[in-house]
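Structure record follows, encoded as structure tokens.
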Amino acid sequence: MSSGTLASPGTEPLGPVPPPARRRRARRTLLLLALVCVLPVLASYFMFYVWQPQGRVNNGELLSLTPLPQSGLSGLGGQPVLTRGELEGRWTLVVAAPAACDAACARALYVSRQARIAQAKEMERVGRLWLVSDGVEPPADRLPGASVADELRIARADAAWLATLPQWAPGTIHLVDPLGNVMMRFDDSGDTTVGARALTKDLQRLLKYSALGRGGRP
């Protein structure tokens, strides 16, 4: 009876090696998938940064794209940890302010709420986030209610997250794109009606030219 010869350790291949053509096809597929994800956002940016029809001016200030940090933030008001990944797939309105939330902060939260509601059937493509900039707990009357319209994420900001929000102030609203980049800032107008109207118009344009989040979040 003959016995089989054992292969020396390290000489047995782990599995069939795909031919070069198959590897190239796999790489092309991955690139196409990445392009499909990025194109909707690029289209919306094109409408703001490049193609500006005569007489049309955006209300918010366009910023250099700055990605949010990957680090997680402690949720407040009984909410779970917040990560950048949670924000991806939606346009997010971000307010950074101390827990006491003065009049300017209250205006910003109200304006972000009204601008989100104004998107009607597209409302679910818009998120809201309050980054509490100090170590104090927000008062109960500032915590989100059960209404869908009041949907608001609250988290304790750290220095890295605040650093991505240029010239943040309690009355300022920053807009984060569906890829997790800070891309626009809306300063406090001092008037909630004016502020909500300006933010609503810019948000409507972005939602119109970006398909991300349409028909459900990716």
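Summed over the stretch 117-140, the residues that are under 16 Å from VAL176 (Cα atoms), outside any strand (DSSP E or B) and basic (Lys, Arg) give a count of 1. Within the option set ALA118, ALA157, being closer than 22 Å to ARG205 by Cβ, modelled with pLDDT of 95 or more and open to solvent by less than 50 Å² (accessible area, probe 1.4 Å) holds for one residue only, ALA118.
Give the residue, chosen from GLN70, GLN54, GLN79, that is at pLDDT below 95, touching a Ser or Thr at 6+ places or on another chain (Cβ under 8 Å), surrounded by fewer than 19 Cβ atoms within 10 Å (Cβ to Cβ) and not in a strand (DSSP E or B). Exactly one of GLN70, GLN54, GLN79 is at pLDDT below 95, touching a Ser or Thr at 6+ places or on another chain (Cβ under 8 Å), surrounded by fewer than 19 Cβ atoms within 10 Å (Cβ to Cβ) and not in a strand (DSSP E or B), namely GLN70. Evaluated against (1) more than 20 Å from VAL194 (Cβ to Cβ); (2) open to solvent by 30 Å² or more (accessible area, probe 1.4 Å), TYR110 falls short on exactly one condition, (1). Only residues that are open to solvent by less than 10 Å² (accessible area, probe 1.4 Å) and either in contact with a Phe, Trp or Tyr (Cβ under 7 Å, 6 or more places away or on another chain) or modelled with pLDDT of 95 or more (or both) were counted across the stretch 186-206, and they come to 3.
Restricting attention to the stretch 88-100, and to residues there that are touching a strand residue (DSSP E or B) at 6+ places or on another chain (Cβ under 8 Å) and open to solvent by less than 10 Å² (accessible area, probe 1.4 Å), which single residue is farthest from ALA157 (Cα to Cα)? Checked the stretch 88-100; the qualifying residue farthest from ALA157 (Cα to Cα) is TRP91.
The values are calculated or read from the model by the stated rules, or taken from the named source; none is laboratory data. This is a predicted model, so every value here is computed, not measured. Glycine also receives a Cβ, built like all others from the backbone with ideal geometry; neighbour counts cover every protein chain displayed. For accessibility, only protein heavy atoms count, side chains too; no ligands or nucleic acids. Shrake-Rupley method; radii C 1.70, N 1.55, O 1.52, S 1.80 Å.
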